[in-house]
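Novice: One structure follows; several queries about it will come next.
None of the figures in this text is laboratory data; all of them are computed from the coordinates on show. These numbers were taken from a predicted model, which means no experiment stands behind them. Note: ideal-geometry Cβ built from the backbone for every residue, glycine included; neighbour counts use all protein chains shown.
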Amino acid sequence: MRKIFNLIALAVLAFGVSCSIPNNGDESENSPVDYVNPYMGNISHLLVPTFPTIHLPNSMLRVYPERRDYTEIRLKGLPLVVTSHRGSSAFNLSPFQGEEKDLAPVINFSYDQEKLTPYSYSVFLDEQQVQVDFGLSHQSAAYEFKFMQDAPAYLILNSGNGAMSWDGKALSGYQLIENNTKVYLYLEPEVMPQIVGSLVDGSLHAGKEVEGRDACLVLKYPRGTKQLRMHYGISFIDEAQAKANLTREVAGKTVAQLQEQGRDVWNKALGKIQVSGGTEDDRTVFYTSLYRCYERPVCISEDGRYYSAFDGEVHADAGRPFYTDDWIWDSYRAHHPLRILLDPKVEEDILHSFVLMSEQMDNFWWPTFPEITGDSRRMNSNHGVASVIDAYQKGLRNFDLEKAYLACKGAITEKTLAPWSGMSGGELDQFYKDHGYIPALYEGEEETIPEVHDFESRQPVAVTLGTSYDEWCLSEIARILRKEEDAQKFKEASFNYRNLFNSKTDFFHPKDKDGKFIEPFDYKFSGGMGARKYYGENNAWVYRWDVQHNIPDLIELMGGKTNFINRLDEMFTEPLGRSKYAFYAQLPDHTGNVGQFSMANEPSLHVPYLYNYAGKPWKTQKRLRKLLYEWFRNDLMGVPGDEDGGGMSAFVVFSAMGFYPVTPGLTTYSIGSPVFEQVTINLGNGKTFEISAPQASSENKYIQSASLDGQALVKPEILHEAILNGGKLVFEMGPKANRSWGVE
């Protein structure tokens, strides 16, 4: 998934030089974090790459030095904080040696010898002859600089849109992001500067306060300065809190000490899953994917308080961390379910945060894209409801289910269903309630509904299918809460996908307001840019399978298991239909193709597992191994499409372990093909769940037989309860498919 509005600005953010991690040749010598390669996927196949983010798990402070893309040979200064998963640095720092006339708000550095891990960064600024080292904590960090030229040294601090001031000991300031949200900075140099001045129009002036665009203060040090250290804290509350964060976390600590602490924190988080077997690259892809799953959402509680952009107020957190920055449209699929396994308390706190957000906003509506700056209401549908029911069904109780239900119900029945809109429902939504589908427009027909975004369009098929799933989730929650009337109403609405099914073609086909299928119609290319006039980022071939909550009924709609399997096979073999140039010019999110299947976009993630539901689990095993090895690799292009901070990477983590949550909201996991000989999951409840596949390899990808706690496993599924109870899942693997295993 991508955010079209920010595409140009966000394309500048990736950086890195090395694309591989050290290989000690002996896996026993490596800790989990040693396998993480933050450069994996830093060159995009088409749209937005991954970013080599330095941060601690789910932490507020994130950085990745800026450049236009991976191949760029210059860095845009050094970052102090990135305020969103894809945002540019809110403050910029440039160490400088040279003529004073060459000072600039941001120095574009030529660089070399870059080394980056999840918890550390070092780089040599070769023209400046400055060695940079960086370490961080959750809300604060430290830089160390070694200057090698015989010249005065400068530190240039820049706020792109804000203010900065010097009080004789420290520099403080803020930057306005958006939606009246500010990020604050408090920075203490270890050595006091000789001169502090403001940089205005390229000239250094006396003055210790500056405000506006590119608000710059410069700390000048005398000739002979060889080393400088500085610590800083950030806050979304105020400058005093930024100082408190610095004092609490990094005061008196060296960069090396912070790096060692960060390494320990990462090993604890990643070590919740221990794997053995597979290749060195398999382990790197696995742990790098798991590292991506801790990039978002972020905890923004600071000493028991947090700033909420949802109402513009500072709140006491009552002892529970407040989380935001979560793009739920894709993260509900596998990212939230993975956290339920590994960090259930964190997941409860995240859902509790969503309840608070709902209460803080003008309308009591569950968020769709909660960010640091508030809910941006992006994409289609309101899939946060899936994370609510999934957590509850899997035993999580420490959040208010009643409030969550009411907020989700409001987001689905009161807010408009029109994509990328936070407006109340209108004519389009009433039509959906009356007729059970979103009506489509004919090619060239003018849009008249004010709620509809002028670029994103109605996406009538995507919205109808997505809302059908959302209403199934509502019906399940209503049933638990004994709201029988709601449960029945939403259960009936959960079948609305049937209203767009074309039995002559076995596709979900847009209808006009009179109930007629839009004709003529091309299932690959109708719908304009991103197929948005009818679908959303993906074409009809992907949305053909978007009925996660009722796969048996989808099989029946398609005439039974044999035809269902044939249609799945067809998806993986159907050609693009145009040149790659022309195909991706219209469908730029629809990359990572195997036929019409798109590994690069989240609505496809469950599709390879659908063979399990129709009696062909060996095909699930075959497809998964092909997709994992082709599209997720330990190299610079090793991620097929937009990795939105864990949404896609969680698919890799689950699939490499050998199971996947096809339907969030059910406690069933579908079996795939385990990559590793041994996987041990620390469940945090004093128990572990083991997956043993001693013969597993790139050749031995097919399950010959399986057992769970010594009992034969005859269906390609396991229950969440079986995992939580601890125990052992054992697979016998082989090079040829056992076509009778897992077939009912």
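Novice: For the chain, find the longest principal axis of its Cα atoms and tell me its angle to the long axis of helix 617-631, 0 to 90°, nearest 10.
Specialist: 20
Novice: Something else: Setting aside same-chain residues fewer than 8 positions from LYS226, which lysines have a Cα under 30 Å from its Cα?
Specialist: LYS76, LYS101, LYS115, LYS146, LYS169, LYS208, LYS243, LYS253
Novice: Can you bin segment 652-725 into rounded, prolate or oblate? Criterion: square roots of the alpha carbon gyration tensor eigenvalues sorted a ≥ b ≥ c, rounded for a/c under 1.5, prolate for a/b above b/c, oblate for the rest.
Specialist: Numbers: a/c = 1.45, a/b = 1.30, b/c = 1.11.
Because its axes are fairly even, with a/c under 1.5, segment 652-725 counts as rounded.
Novice: Classify segment 52-267 from the C-alpha gyration tensor, please: rounded if a/c falls under 1.5, else prolate or oblate depending on whether a/b exceeds b/c. Working shown, then result.
Specialist: Numbers: a/c = 1.35, a/b = 1.13, b/c = 1.19.
Here segment 52-267 falls in the rounded category.
Novice: Something else now. Over the chain, what is the mean sequence separation of C-alpha contacts under 8 Å (at least six apart), divided by residue count, expressed as relative contact order in percent? Write out the running numbers ahead of the final one.
Specialist: Numbers: 1770 pairs, mean separation 86.8, N = 744.
Across the chain, relative contact order equals 12 percent.
Novice: Right, next: Among TYR581, TYR437, TYR221, which comes first, second and so on when ranked by fewest other beta-carbon atoms within 10 Å? Don't jump to the answer; show the numbers that get you there.
Specialist: Working: TYR581 7, TYR437 25, TYR221 20.
Fewest-to-most Cβ neighbours within 10 Å comes out as TYR581, TYR221, TYR437.
Novice: Show that you can apply the helix-only estimate: for the chain, add -39,500 (n - 2.57) for every DSSP H stretch of four or more residues, divide by all residues, and state [θ] at 222 nm to the nearest 500. If you can, show how the numbers build up before the last one.
Specialist: Working: 19 runs with 196 residues, N = 744.
It comes out at -8000 deg cm²/dmol, rounded to the nearest 500.
Novice: Once both labels are modelled 7 Å past Cα along the beta-carbon direction, what's the GLU211-GLU447 spacing in nm?
Specialist: According to this spin-label approximation, the distance is 4.0 nm.
Novice: Angle, helix 239-249 long axis vs. longest principal axis of the chain, Cα atoms, 0 to 90°, nearest 10?
Specialist: 80
Novice: Once the Cβ-Cβ distance between ALA251 and GLN194 is put in as r, and R0 is 25 Å, what FRET efficiency do you end up with, to the nearest 0.05? Could the numbers behind the result be given before it?
Specialist: Working: r = 24 Å, r/R0 = 0.95.
The computed FRET efficiency comes out at 0.60.
Novice: How high is the relative contact order of segment 52-267, in percent, counting Cα pairs under 8 Å that sit 6 or more residues apart?
Specialist: Values: 576 pairs, mean separation 45.5, N = 216.
In percent, rounded to a whole number, it is 21.
Novice: Measuring from label point to label point, each 7 Å out along Cα→Cβ, what is the LYS728 to PHE495 span in nm?
Specialist: Distance between the two pseudo-spin positions: 4.6 nm.
Novice: For LYS146 and GLU99, what is the calculated FRET efficiency with R₀ set at 30 Å and r taken between the beta-carbons, to the nearest 0.05? Don't skip to the end; give the middle numbers.
Specialist: On the way: r = 21 Å, r/R0 = 0.69.
Rounded to the nearest 0.05, the efficiency is 0.90.
Novice: Once you place label points 7 Å from the Cα toward the Cβ at THR562 and GLU485, how far apart are they in nm?
Specialist: Distance between the two pseudo-spin positions: 4.8 nm.
Novice: Can you tell me the orientation of helix 384-393 relative to the chain, as the angle in degrees between its alpha-carbon axis and the longest Cα principal axis, to the nearest 10?
Specialist: 70
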